[in-house]
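One structure is given below, encoded as structure tokens.
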Amino acid sequence: MAYDSYRDFINALDAAGELIRIAQLVATELEITEIADREMKKPGGGKALLFEQPTVNGVVSPFPVAINTLGSWKRMAMSMGAETVDEVANELGALMKAKPPTSLREAMKLLSLALDLRHAKPKTVKSGSCKDVIQKFDAPASAKSWPPAPDWQKGTSLNPPTLANLPILKCWPLDGGRFITLPCVVTRDPDTGERNLGMYRIQIYDDKTTGMHWQLQKVAARHGRRYYERGERMPVAIFIGGDPMFPFAATAPMPDGLDEFLLAGYLRKKSVEMIKCETNDLEVPANADFVIEGYIDPTEPLRDEGPFGDHTGYYTLPEPYPVFHITAITHRKDAVYPATIVGIPPMEDFYIGGASVKLFLPIFKMNFPEIVDIALPAEGVFHNLVFVSIKKTYPMQAYKIMHGLWGMGQMMFTKFIVVVDADVNVHNTSEVLFHLTANTDPQRDSIFTKGPSDVLDHATSEIAVGSKMGFDATKKIPGEGFKRAWPPLIKMDEAVKAKVESILNTKV
């Protein structure tokens, strides 16, 4: 299902009983975070929240703030227009396994999958509600690909939005300022023209400049390095809101070079309509709630960004990052400002990351067919801890999986991988820990290695470089150094269980 705006998604959540409206004045400085944090910590992720009168420095913003909108399995499924996330994952898995048809029935099934893809490719349109209100700022100095000065002030709004009056949150007490926490950042490779959609927190410095926290392993950072090498001003566009599949696609582990808007179009079963920005040549979704346009100047020194209370549960300390200069802000007349917060888990991002794992599990299985399931426990704050179950058929297979996963995309950041047998439920942390402690000899069944680390990881001795550890918690077989008989797991006879069930259910 495609949503025309974030407000449409909010209304759907409201109708489903998944939304709490808060009419009182609540400050964007810390107070929204405290309320949202309490809600996210409730069993199952709590409810979505809509703050109808958020205040910015004591002044009521005209834009309501939505938060925790994707913070449960039900709301993640609703954002995809499905009953469950597993339903969508199964559909994508079937598509990944599609083979040339050998019968009419198979041909019809494959056609059905193909029709789902007909909406995947984004298309360009000339008008969109993201430009209901337009505010352009002072024209930058002449630079390649920038529009002529006479067109710069066309369409200027009389009631302009600025970074100073948007309801941008200050999340935690030691944060370096206000941060846009659910931004979709659009960049383009200057050599190939390939587009990337990513999510990198945006710290507000003043009404016309922000930080751009793209970590060195991210695609946008790679684009940025090319602009720095070429000495050319880099166009950047940030949009907020629109269809909830946009922020999901921005965080999804898409293979390098594939347009994230293809994934968004597939999941919403409708092509994403894109519109050209006012002050650069990038395109953004025409139904976005807010669009912030600008550039990064490669001749300008980097600036400290942070501290920021991060998904690690700790503050990330200040580090130098590029400065983003604002050239225009546009928005819908009925815009809703979506936000999230991160911190000590569980948080909303647990469900977003978990949905990504479910959707991309078929891709992992294509590379590693022995994989049964993968889980990223909330305690591991995304990728620090990974549980994976496998159908083990030969010695040292668990180690093959560890090394393979460490070589795949953002899995390179994983600190700990625990591999268990196929019959272990990796989504039950207690069950995994039981098998970890029961099935391992620490020296024999563990491995250390080195590799890239998350820039946000405060525990590594050097930034972005660290070590990893893998545990083979599977049943040991010949060839793995185990020379004893492996005992059976305690399990009650099924007939006895059925009889006891009958006894307990008999009414006196």
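The values are calculated or read from the model by the stated rules, or taken from the named source; none is laboratory data. A quick note: this is a predicted structure, and the numbers were derived from the prediction, not measured. Backbone-built Cβ (ideal geometry, glycine too); neighbour counts: all protein chains shown.
Among the conditions (1) closer than 30 Å to PRO346 by Cβ; (2) of a type in the set (Phe, Trp, Tyr); (3) more than 36 Å from the chain's Cα centre (by Cα), the only one that PHE416 does not satisfy is (3).
Residue selection: ALA252 fails the criterion of being among the hydrophobic types (A, V, I, L, M, F, W, C), outside the structural domain of MET412 (by TED's automatic domain parsing) and surrounded by 24 or more Cβ atoms within 10 Å (Cβ to Cβ). Within the range 55-77, restricting attention to residues that are touching a Pro at 6+ places or on another chain (Cβ under 6 Å) and closer than 29 Å to LEU267 by Cβ, the residue that is surrounded by the fewest Cβ atoms within 10 Å (Cβ to Cβ) is PHE63. Of the residues examined, ALA94 is not one that is modelled with pLDDT of 65 or more, in contact with a Pro (Cβ under 8 Å, 6 or more places away or on another chain) and in a helix (DSSP H, G or I). Checking the structure you have, find out if any residue of the range 460-472 is under 23 Å from VAL426 (Cβ atoms), surrounded by 14 or more Cβ atoms within 10 Å (Cβ to Cβ) and either touching a Pro at 6+ places or on another chain (Cβ under 7 Å) or among the basic types (Lys, Arg) (or both). Within the range 460-472 (the criterion being under 23 Å from VAL426 (Cβ atoms), surrounded by 14 or more Cβ atoms within 10 Å (Cβ to Cβ) and either touching a Pro at 6+ places or on another chain (Cβ under 7 Å) or among the basic types (Lys, Arg) (or both)), the answer is yes, since at least one residue qualifies. In summary, SER453 fulfils each of the numbered conditions (1) buried (at least 17 other Cβ atoms within 10 Å of the Cβ); (2) at pLDDT 95 or above; (3) in contact with a Gly (Cβ under 6 Å, 6 or more places away or on another chain) with the single exception of condition (2). Within the range 277-289, residues that are under 19 Å from ALA335 (Cβ atoms) sit with their Cβ atoms under 8 Å from residues that are β-branched (Val, Ile, Thr) and assigned to a loop (DSSP other than H, G, I, E, B), at 6+ positions apart or across chains, in these pairs: PRO285/VAL272; ALA286/VAL125; ASP289/VAL336. A single entry from ALA398, ALA464 fulfils the requirement of being over 17 Å from PHE364 (Cα atoms) and hydrophobic (A, V, I, L, M, F, W, C): ALA464. Per the conditions (1) of a type outside the set (S, T, N, Q); (2) assigned by TED's automatic domain parsing to the domain that holds ARG225; (3) without any contact (Cβ under 8 Å) to a residue 24 or more places away in the chain, the sole criterion not satisfied by VAL357 is (2).
When THR84, THR102, THR124 are checked against the criterion of being of a type outside the set (Lys, Arg), at pLDDT 65 or above and loosely packed, with under 12 Cβ neighbours inside 10 Å, THR124 stands alone in meeting it.
Yes or no, residue by residue, for (1) under 24 Å from ASP454 (Cα atoms); (2) surrounded by fewer than 19 Cβ atoms within 10 Å (Cβ to Cβ):
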position	(1), (2)
PRO362	no, yes
PRO369	no, yes
ALA375	yes, no
GLY380	yes, no
LEU385	yes, no
VAL388	yes, no
THR393	no, yes
TYR399	yes, yes
HIS403	yes, yes
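Scanning the range 382-441 for residues that are closer than 11 Å to ALA473 by Cα, among the hydroxyl-bearing types (Ser, Thr, Tyr) and not in a loop (DSSP other than H, G, I, E, B) yields SER389, TYR399, THR437. Exactly one residue out of GLU305, GLU300 is buried (at least 24 other Cβ atoms within 10 Å of the Cβ) and either without any contact (Cβ under 8 Å) to a residue 12 or more places away in the chain or farther than 19 Å from GLY193 by Cβ (or both): that is GLU305. Being closer than 22 Å to SER127 by Cα and out of contact with any Phe, Trp or Tyr (no Cβ under 6 Å at 6 or more places or on another chain) holds for only one residue in ALA237, ALA249, ALA288, and it is ALA237. The sole residue among THR55, THR33 that is of a type in the set (Ser, Thr, Tyr) and in a helix (DSSP H, G or I) is THR33. In the range 450-508, the qualifying residues are those that are among the hydroxyl-bearing types (Ser, Thr, Tyr) and either assigned to a loop (DSSP other than H, G, I, E, B) or closer than 21 Å to ILE417 by Cβ (or both), and the one that is farthest from the chain's Cα centre (by Cα) is THR506. Within the range 206-222, residues that are more than 16 Å from ASP454 (Cα to Cα) and not assigned by TED's automatic domain parsing to the domain that holds PHE137 have Cβ atoms under 7 Å from residues that are aliphatic (A, V, I, L, M) and assigned to a loop (DSSP other than H, G, I, E, B) in no pair, counting only partners at least 6 apart in sequence or on another chain.
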